[in-house]
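J.: Quick one: the structure is below, and I'll ask about it shortly.
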Amino acid sequence: MTQLKSDLVTAAGAVMLVGSALSAEMAWLAARGVANLGVICGAAGQPHCPWLIGAAALLASGTATLIAGRRRMKAAASSSS
């Protein structure tokens, strides 16, 4: 059962990293669209778009989840031998 849990945690971390990449792409596209209007995202008092904040949050949580999954996998491997 512990191996299944560590696999699920690792898969969740990978999905979060994919979501982070997609959010970063959407943030880049939004920044390009706003730049056509002469405004730079996050500059001169303009707030950052939610896509950028979501990308950063997903990157941090995905990385932490992958690290936790790897630690759980190592602990399961050492306890079973």
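J.: About its Cα centre, how strong a charge dipole does the chain have in debye, to the nearest 20, once Lys and Arg get +1 and Asp and Glu get -1 at the Cβ?
T.: Values: 6 positive and 2 negative charges, 67 e Å.
Dipole of the chain, to the nearest 20 debye: 320 debye.
J.: Here's another thing I want to ask about it. Measure nothing fancy, just the Cα-based angle from helix 50-80's long axis to the longest principal axis of the chain, in degrees from 0 to 90, nearest 10.
T.: Once rounded, the angle reads 10 degrees.
J.: Normalising by the residue count of the chain, find the relative contact order in percent from Cα pairs under 8 Å and 6+ residues apart.
T.: 49 percent
J.: Same structure, new question: Residue by residue through the range 21-31, which ³J(HN,Hα) values in whole Hz follow from phi under the Karplus form 6.51 cos²θ - 1.76 cosθ + 1.60 (θ = phi - 60°), with glycine and proline marked x?
T.: Karplus-based 3J(HN,Hα) across the range 21-31 equals 5, 5, 5, 5, 5, 5, 5, 5, 5, 5, 5 Hz.
J.: Under a 1.4 angstrom probe, counting protein chains only, how are LEU8, LEU37, LEU66 ranked by accessible area, largest first?
T.: Descending order: LEU37, LEU8, LEU66.
J.: Once the piece of chain linking SER79 and MET26 is laid out straight, how much longer is it, given 0.36 nm per residue of separation minus the C-alpha distance between them?
T.: Numbers: separation 53, 0.36 × 53 = 19.08 nm, distance 4.30 nm.
Between SER79 and MET26, full extension yields an extra 14.8 nm.
J.: Here is a follow-up. Okay, helix-only estimate at 222 nm for the chain: each DSSP H run of n ≥ 4 adds -39500 (n - 2.57), divide by all residues, round to 500 deg cm²/dmol; what do you get? Numbers along the way, then the final one.
T.: Numbers: 2 runs with 65 residues, N = 81.
One gets -29000 deg cm²/dmol as the mean residue ellipticity at 222 nm.
J.: With every protein chain present, what is the per residue accessible area of the chain (1.4 Å probe, Å²)?
T.: So the chain comes to 69 Å² accessible per residue, rounded to a whole number.
The values are calculated or read from the model by the stated rules, or taken from the named source; none is laboratory data. Please read these numbers as outputs of a predicted model, since none were measured by experiment. Quick reminder, even Gly has a Cβ in these numbers, built from the backbone with ideal geometry, and neighbours come from all protein chains shown. Calculation scope for accessible area: heavy atoms of the full protein, side chains included, ligands and nucleic acids excluded. Shrake-Rupley method; radii C 1.70, N 1.55, O 1.52, S 1.80 Å.
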